[in-house]
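Below is one structure, written out as structure tokens; comments come after it.
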Amino acid sequence: MTSFGTLLDRLIDDTLETSLCHFAPELALSGTIVALLLLRLFGEIDRWIPPYVTTLVGALVALGLCGTQLLDLLNGSQEAGEFFTGLLVFDHFGAFVRGLLALFLVLVVALTVLTGIPDREDGPDFYSLMLGSTIGMMIMASANHMLMFFVGIEMASVPGYVMVGFLKGNRKSSEAAFKYVVYGAGAAGVMLYGVSLLTGLLGTASLPELAARLTIVLGHSGGVGSAESLTALLAVLMVMVGLAFKLSLVPFHFWCPDVFEGASAEVAAFLSVASKGAAFALLVRFCMSLIGTDPGANPEFLTGIGLGLGVIAAVTVTFGNLAAYSQTNVKRLLAYSTIAHAGFMLMAVSALVVVLANGAAVPGFDVPEAARMCVEGLLFYLFVYLFMNLGAFAVVALLRNQTFSEDIESFNGVGWQSPALCICMAVCVFSLVGLPPLGGFWGKLVIFMSLFNIGEVHWFMWVLLVVGGLNTVFSLFYYIRILKAMFMREPAEGARPVEVPSAISNYALLIALPVLLLGLFPTWTTSLAHGVATWLIP
């Protein structure tokens, strides 16, 4: 029998030698939060070092550490494995998503510097919340245990509630924050009950062990129609509620338009991209934990989950695009656009679950390669979505400071007054539609190719492909309204002239450039995504 002292020594050795090294990006962000709070105590130092400088330095250090870890994993210098006694996992997939989050953090902080939100007095509080939320999202991307599953989501969500209401004295901002808190608390409660139900039924909270325990429970209970099977399905659905809320999937989307309209455009951009990336990473991990190393063990159970995700994806993408038509506020329009794009990305996860559960039954079908294509399409889509969605929200934030409005009518004629900003918006909008030769085209193409191939496994994937294709066409009509206002309408009488400094124009072009380059030269990013997918699905 191992003594308590021996266990404690092993824990300390594991933490110091392995875990802290793998947790380095999160530690860098945590140290930045401490530095921000300490600098606020010393007024003289805080006057010389603005809060955004400290935040940018910490974010760049975290980005460098994430990039180094991903390169070390790809070239074999470091090995993937669990850390913090199995609570988190260090692997290619997690390193990719954490790097994506760190890069996005750097770009968003730079945007806040240009727009002036937050001001210098509130800067330490605002950036501490943003950094704390990013740490939670990184934990979501590396979660290996149901405890960290819940902790990561709540760590990412709670600071977001405060950031949404950060515009003090703004009624819409306060109302949006209140709605976000109430809906978020309800979703978290349902998810926590699902987590407790699932772990109690299966007897484990470790994600890698869920599939094997699920097979035992279903095998002993007599199949899919048994009480134990229905209880497991109910628990999985309740866990999915928390993820669906973070992803703003129908019918858990209702918070998104109101929150985006009430929050500043900078916060809306942060929520629309960062939370999506982290939640999709966690969704993939959860689905892979249910599939396990023997996907054929529970085909009916997994097929039901996969097809259910597909139905939600089809409804979400259709609702998001249709609801966006009637919007006059650009942030609200982009909120429904965010809902629709979550539906597109969910199609890849649905196809992943379906092909792994049923692909082996089709003679000659290459199941691993089809599954890798699903993950590759999702990762590429997330990468280009970072730039095109941030670019759209950045233009809204930068023009808001000039026109003092976020309605489409306030954008009338600004295309000729600030061509750099409006070219950036055009590039991002056409990429969101999925037009070549922009990055969004390749993201949708890879996902649609996955659906087409996996249609051989289940016909419903072809239905999703048709729904996705039609919605791509539909989306052009409401996106084009923004560009029509910018380039084809005359400014309203008495409207303020738009005079954008060169630094702001350069930032907009810097965000739009990767969207174009990812469309013209997608090979490097697709190769990286394929390498990550190959590790996840050998």
Could you give the DSSP H helices of the chain that reach 24 angstrom or more along their long axis (alpha carbon positions) and whose average Kyte-Doolittle hydropathy is no lower than 1.0? 24-41, 51-75, 92-115, 146-164, 227-247, 265-291, 299-324, 330-358, 367-403, 460-488, 502-520
I need 199, 316 ordered by Cβ neighbour count within 10 Å, fewest first. 199, 316
Note to self: C-alpha centroids of the stretch 339-369 and the stretch 164-207 sit apart, in Å, by 28
For residue 90, what residues show an amide H to amide H distance below 5 Å, using hydrogens built from the backbone and excluding near sequence neighbours? 81, 82, 83
The rounded separation in angstrom of the Cα centers of the stretch 86-126 and the stretch 225-276 is 21
Which is farthest toward the positive dipole end of the chain among 327, 421, 95, measuring Cα position about the Cα centre, with Cβ charges +1 (Lys, Arg) and -1 (Asp, Glu)? 327
Packing-based exposure ordering (other Cβ within 10 Å, fewest first) of 137, 191, 155: 155, 191, 137
Using a 10 Å cut-off around each Cβ, can you sort 92, 145 from fewest to most neighbouring Cβ atoms? 92, 145
Given a cut-off of under 8 Å on Cα pairs at least six residues apart, what relative contact order in percent is computed for the chain? 13
Net charge dipole size for the chain [Lys, Arg +1 and Asp, Glu -1 on Cβ; Debye, nearest 20]: 1120
Would you be so kind as to identify which of 381, 504, 314 lies farthest towards the positive end of the dipole of the stretch 294-538, taking Lys and Arg as +1 and Asp and Glu as -1 on Cβ and the Cα centre as origin? 504
Calculated from DSSP H runs of 4 or more alone, at -39500 (n - 2.57) each and per residue, what is the 222 nm mean residue ellipticity of the chain, nearest 500? -26500 deg cm²/dmol
Under unit Cβ charges (Lys, Arg +1; Asp, Glu -1), what dipole magnitude, rounded to 20 debye, does the stretch 23-128 have relative to its Cα centre? 180
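Read the figures in this text as sums done on the coordinates, not as results from a lab. Not measured: the values here are computed from a predicted model. In this analysis, Cβ positions are derived from the backbone assuming ideal geometry, glycine residues included, and neighbour counts consider all displayed protein chains.
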